[in-house]
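Enquirer: The structure's right below; bear with me while I get my questions together.
Nothing in this text is a laboratory measurement; each read-out follows from the coordinates by a stated rule. Just so it is clear, the structure is predicted and the values come from calculations on it, not from any experiment. As a convention, Cβ positions derive from the backbone with ideal geometry for all residues, glycine included, and neighbour counts pool all protein chains shown.
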Number of protein chains: 2
Amino acid sequence: MTELDLDDPVNVSTTAGRIFKIIRDHGPLYGKDIVRRTGLAKSTVSAYVDRLMSVGLLREEIPDGMKRRKLKVAESAGYVVGVALGQSHLSVALCDLEAEIIDSVGGPVDLVRESPEKVLNRVISYARELEQRAGLGPSALFGIGFGLPSPVDYSHGVPVNPPVMPGWDRFPVASFLSQEFTCPVFVDNDVNVMALAERDKGAASDLAYRKGSFLLVKAGTGIGAGIVINGEIYRGAKGAAGDIGHIGIDGDGTLCRCGNTGCLEAVAGGRALAARAQAAARGDRSPYLAEALVRGEALDAEALARGAACGDEECLRLVASAGAYLGTVLAKLVNFFNPSLIVISGGLTNLGERFIASVRESIYSRSTPLATADLIVKKSTLAGRGATMGAAILVLDEVFSHRNVGMLMRKISD
Amino acid sequence: MTELDLDDPVNVSTTAGRIFKIIRDHGPLYGKDIVRRTGLAKSTVSAYVDRLMSVGLLREEIPDGMKRRKLKVAESAGYVVGVALGQSHLSVALCDLEAEIIDSVGGPVDLVRESPEKVLNRVISYARELEQRAGLGPSALFGIGFGLPSPVDYSHGVPVNPPVMPGWDRFPVASFLSQEFTCPVFVDNDVNVMALAERDKGAASDLAYRKGSFLLVKAGTGIGAGIVINGEIYRGAKGAAGDIGHIGIDGDGTLCRCGNTGCLEAVAGGRALAARAQAAARGDRSPYLAEALVRGEALDAEALARGAACGDEECLRLVASAGAYLGTVLAKLVNFFNPSLIVISGGLTNLGERFIASVRESIYSRSTPLATADLIVKKSTLAGRGATMGAAILVLDEVFSHRNVGMLMRKISD
């Protein structure tokens, strides 16, 4: 048999990319661990590691009290910007190559009323501000990641059929930002990037989930899910996967903003819950909420959680019913998808542990015993950081993909 | 940089496996097409192709009127056995290396009453009968694939928590058969293997779906789904993925055999439909069914389809409502999973095109416009062959996986 073509750039890229990915996922690692995990010869690993170090993508670290060097990503060899755009707030973060937030800035937006150009120009000025504060040169940014509350055509970087921001439909977000920056720009649905943050930094970062499948459910004004399979975002045929907020509750007639009736979001989203809290306060069904209303407090998730903690029966009932609605839909998805883990985030988690318990109970009582045998349902611990960190991770996954690591090496060494 | 380790068996296996897979998926192919699709050097491709031909896994074919040879899988270089076990019927097929059925045999079983040993001994005698008829030698079988109506722990080859066949729970199906045959045995859920048949030979065999995601929905006495993502079966954390028959219809109190209420299978499965047809016949709501009952005909899906074709209003209503129940659940899964294609198979497809139209209508009216934009919902055309062919494909996917092709080459050439 003839030999493999050694000058084939595909092979070189793939091998360098494979080694780099193992170090990203599992590092810091000793050289022998890389040999074991790749199945490559020691000399091959050593040559690639030297090359990755010489271009500055890896660095050595000697653990306390040890003699041998471990290898890790050279986290300060470059930076990425993570952008999280919500319906009423914009956050932009500067992150290192391990997606740790170095600095961040943000402010209010009104996605329904403001034009995409206006909002994106604000993104640009925030990013420039962060670059300046950190004293970064023009080539320090490896990429920009952008999460926004709409289905996204990922390959083109454009939002598609956004439910509440009509001016953004097919607006070329990625190419608009690419005109300003020389680095690549990646745009995805906000819940997808939040799932990446859970995978690398949050509730799913245990090794078992990194390679398994899990759902990140954001329950706030809107309700959506990010689906991760074998460590990668599953986007579906049209980028619409995970759009669980418009799953119908059978027989429910509540009108949704989307025009359909009985959508989960219309029945159990933040807006529906606030309306129920208002009605309970005004209808004298909840002493706690009635007093809160008199005091001029917002009747939101936190208020319901406080009322429930005080033993207010209507607050307890509203918290439990919000969890039960969400859990009923998730129970169906658990039967279908059989994930290892569901991470709940978003404003409704402010309803407290009772809410999570109610979600859990609905899932356990309505899914098959096998599908729930080892299922874990837990609250995200990333709080507000999930979306910007996740947007940064989106960039790192792309820039450091198998193929791109080879290209990056050639680009840096040219 | 040092060179790649050429004697590394992992690299050799991977390259041979990659070339073989491209020919399996897209063949017959010219050598230049393989070069284009792999990105490998022409000399490398040529050397591996020669080796794969010398061990008998590939053969040449010269298309009519053409001069240049194309390469394809040497379909008669070996055989696989596909076993499809249903609740009341066992089918065993002998297939070539392209999963075409050469010969098959089958007969009735009673999974609830018969012991696993008894049923599996029948599988063995059927397989031996097929070997004998084809005059196969002891090493001709590359493997045995087995699809059965239960969630399966795929890595161990054992059914887990089977809903209607308690004696099969954790019975070591794969190792029982391995004691009789020297080839490997692979066991999976029946709907999963049916999905593989659709991928390679049926409604999903268009290139677009082979690499996309689709669902195979079997709607019969039981209702289940096989999930294919990027050409591969998605099994979930416990092998329970796709168990859609026990998804609850909100607010429905129909008792299911699983002990829960309102399960899709209990409301829209073959048994529920037959009960409704009986009631309609006896309650004088359907002249067609009442006459069929008098004639002693079975009141099954075919009878309902005939009644609907004659314009019997109750038959039309029952057909439409079965489709609507299934479609309502699928609409939720379409929002979540955003597949490109849903293929419907199983006994309920005997309800005819009206049934499929009703499923489709429920999905389109209740899913988001984006998720249904390019969604295709169609009936399987594989009829009874899907399960045995799919079980054969399960074996071929495993035996011809990247890593195994290299091992197979070494084994054959030793």
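Enquirer: Quick one: check the C-alpha center-to-center distance for region B:156-196 versus region B:369-414, whole angstrom.
Expert: A separation of 17 Å, based on Cα centres.
Enquirer: Relative contact order for region A:119-239: what percent, with Cα pairs under 8 Å and sequence separation of 6 or more?
Expert: That works out to 21 percent.
Enquirer: Separate question: Could you tell me the distance between the Cα centroids of region A:251-316 and region B:234-286, to the nearest Å?
Expert: 34 Å
Enquirer: Could you name the residue in chain A with the C-beta closest to the rotation axis that superposes chain A on chain B, along with the separation in whole Å?
Expert: With distances in whole Å, chain A gives A:Asp250, 2.
Enquirer: I would also like to ask the following. Evaluate the relative contact order of region A:203-381 (contact order divided by residue number), counting alpha-carbon pairs under 8 angstrom at least 6 apart; express in whole percent.
Expert: For region A:203-381, the relative contact order is 23 percent.
Enquirer: Say a label goes 7 Å from Cα toward Cβ at B:Cys310 in every copy; what distances in nm does this one have to the rest, shortest first?
Expert: 6.9
Enquirer: Take chain B, connect every pair of alpha-carbon atoms lying under 10 Å apart with a spring to form a Gaussian network, then pick out the residue of B:Ile244, B:Ile144, B:Ile34 with the largest mean-square fluctuation.
Expert: In the Gaussian network model the winner is B:Ile34.
Enquirer: With Cβ to Cβ distances under 14 Å as the rule, what net charge do the other residues near B:Gly251 carry (K, R +1; D, E -1)?
Expert: -2
Enquirer: Let me know the shape class of the protein assembly as shown, please: from the alpha-carbon gyration tensor, a ≥ b ≥ c as square roots of the eigenvalues, rounded when a/c is under 1.5, otherwise prolate if a/b is greater than b/c, or oblate.
Expert: oblate
Enquirer: Taking every DSSP beta bridge with both residues inside the protein assembly as shown, roughly what % is antiparallel (nearest 5)?
Expert: Beta bridges within the protein assembly as shown, antiparallel portion: roughly 60 percent.
Enquirer: Select from A:Ala322, A:Ala292, A:Ala195 the residue whose mean-square fluctuation is largest in a Gaussian network model of chain A (Cα-Cα springs shorter than 10 Å).
Expert: Ranking A:Ala322, A:Ala292, A:Ala195 by mean-square fluctuation puts A:Ala292 first.
Enquirer: With θ set to phi - 60° and the Karplus curve 6.51 cos²θ - 1.76 cosθ + 1.60, what are the ³J(HN,Hα) couplings of region A:221-236 in order, to the nearest whole Hz, using x for Gly and Pro?
Expert: Residue by residue, region A:221-236 yields 4, x, 10, x, 10, x, 10, 10, 10, 6, x, 10, 4, 9, 9, x Hz.
Enquirer: Quick query: amide H of A:Ala203 versus all other amide H atoms, modeled in the peptide plane; which residues come in under 5 Å with a sequence gap of 5 or more or a different chain?
Expert: Here A:Thr381 satisfy the definition.
Enquirer: Considering only the label points, 7 Å along Cα→Cβ from Cα, what distances in nm to one decimal separate B:Ser43 from the same position in each other copy, shortest first?
Expert: 2.0
Enquirer: Also: For region B:88-100, in order, what is each residue's ³J(HN,Hα) by Karplus, 6.51 cos²θ - 1.76 cosθ + 1.60 with θ = phi - 60°, in whole Hz (x at glycine and Pro)?
Expert: Residue by residue, region B:88-100 yields 10, 8, 10, 10, 10, 10, 9, 10, 7, 6, 10, 6, 7 Hz.
Enquirer: In debye to the nearest 20, how big a dipole does the protein assembly as shown give about its Cα centre with +1 on each Lys and Arg Cβ and -1 on each Asp and Glu Cβ?
Expert: Dipole magnitude for the protein assembly as shown comes out near 600 debye.
Enquirer: Every other copy gets compared here: list the nm distances from the A:Glu297 label point (7 Å along Cα to Cβ) to its counterparts, shortest first, one decimal.
Expert: Nearest first, the other copies' label points are 6.9 nm away.
Enquirer: Around A:Lys70, which amide H atoms from residues at least 5 apart in sequence, or from another chain, sit under 5 Å from its own amide H, with H modelled in the peptide plane?
Expert: A:Glu61, A:Ile62
Enquirer: Moving to a separate point now. Tell me, what ³J(HN,Hα) does each residue in region A:393-408 have, in order and in whole Hz, if you take phi through Karplus 6.51 cos²θ - 1.76 cosθ + 1.60 with θ = phi - 60° and put x for Gly and Pro?
Expert: 5, 3, 5, 4, 4, 6, 5, 9, 5, 2, 5, 6, 4, x, 5, 4
Enquirer: Further question on the same structure: What number, in percent, do you get for the relative contact order of region B:9-73 if the mean sequence gap of Cα pairs under 8 Å and at least 6 apart is divided by its residue count?
Expert: Relative contact order, region B:9-73: 37 percent.
Enquirer: Right, another one. Please report the Cα spread of region A:9-73 along all three principal axes, rounded to whole Å, starting with the longest.
Expert: Here the spans come out as 40, 24, 21 Å, largest first.
Enquirer: Restricting to region A:203-381, what percent of DSSP beta bridges are antiparallel, rounded to 5?
Expert: 55 percent
Enquirer: Please say if region B:204-381 is rounded, prolate or oblate, where rounded means a/c under 1.5 for a ≥ b ≥ c the square roots of the C-alpha gyration tensor eigenvalues, and otherwise the choice is prolate for a/b larger than b/c and oblate otherwise?
Expert: Prolate shape, in that a/c is at least 1.5 and a/b is the bigger ratio.
Enquirer: Search the structure for amide H atoms under 5 Å from the amide H of B:Gly86, placed 1.01 Å from N in the peptide plane, and list their residues when 5 or more places away or on another chain.
Expert: B:Ser91
Enquirer: Rank the residues A:Val267, B:Val105, A:Val343 as a footprinting-exposure proxy: fewest other Cβ atoms within 10 Å of their Cβ go first.
Expert: B:Val105, A:Val267, A:Val343
Enquirer: For chain A, take the longest principal axis of its alpha carbons; what is the angle in degrees between that and the long axis of helix A:313-337, to the nearest 10 within 0 to 90?
Expert: For helix A:313-337, the angle is close to 40 degrees.
Enquirer: Among B:Met407, B:Met389, A:Met66, what is the fewest-to-most ranking by other Cβ atoms within 10 Å?
Expert: The fewest-first ordering by Cβ neighbours comes to A:Met66, B:Met407, B:Met389.
Enquirer: Compute a Gaussian network model of chain A, connecting alpha carbons closer than 10 Å, and tell me which residue from A:Arg24, A:Arg276, A:Arg113 fluctuates the most.
Expert: Checking each option, the largest mean-square fluctuation is seen for A:Arg113.
Enquirer: Once the Cα atoms of helix B:116-134 and of chain B are each reduced to a long axis, what angle between those two axes, in degrees from 0 to 90 to the nearest 10, is obtained?
Expert: 50 degrees
Enquirer: Then there is this: How far is helix B:190-201 tilted, in degrees, relative to the longest principal axis of the Cα atoms in chain B, given as a value from 0 to 90 rounded to the nearest 10?
Expert: Rounded to the nearest ten degrees, it is 60.
Enquirer: Same structure, new question: Let me have the 222 nm mean residue ellipticity of chain A computed from DSSP H runs of 4+ only, each contributing -39500 (n - 2.57), with the sum over all residues rounded to the nearest 500.
Expert: -13500 deg cm²/dmol
Enquirer: What percent antiparallel are the DSSP beta bridges of chain B, to the nearest 5?
Expert: 60 percent
Enquirer: Just to be sure I understand the model, the point goes 7 Å from the Cα along the line to the Cβ. What's the resulting B:Ala134 to A:Glu313 distance in nm?
Expert: In this crude spin-label approximation the distance works out to 7.1 nm.
Enquirer: Ok, one more. Exposure proxy check: B:Asp206, A:Asp103 ranked by fewest other beta carbons within 10 Å?
Expert: B:Asp206, A:Asp103
Enquirer: Please state the shape class of chain B: rounded when a/c is under 1.5, otherwise prolate if a/b exceeds b/c and oblate if not, all from the C-alpha gyration tensor.
Expert: prolate
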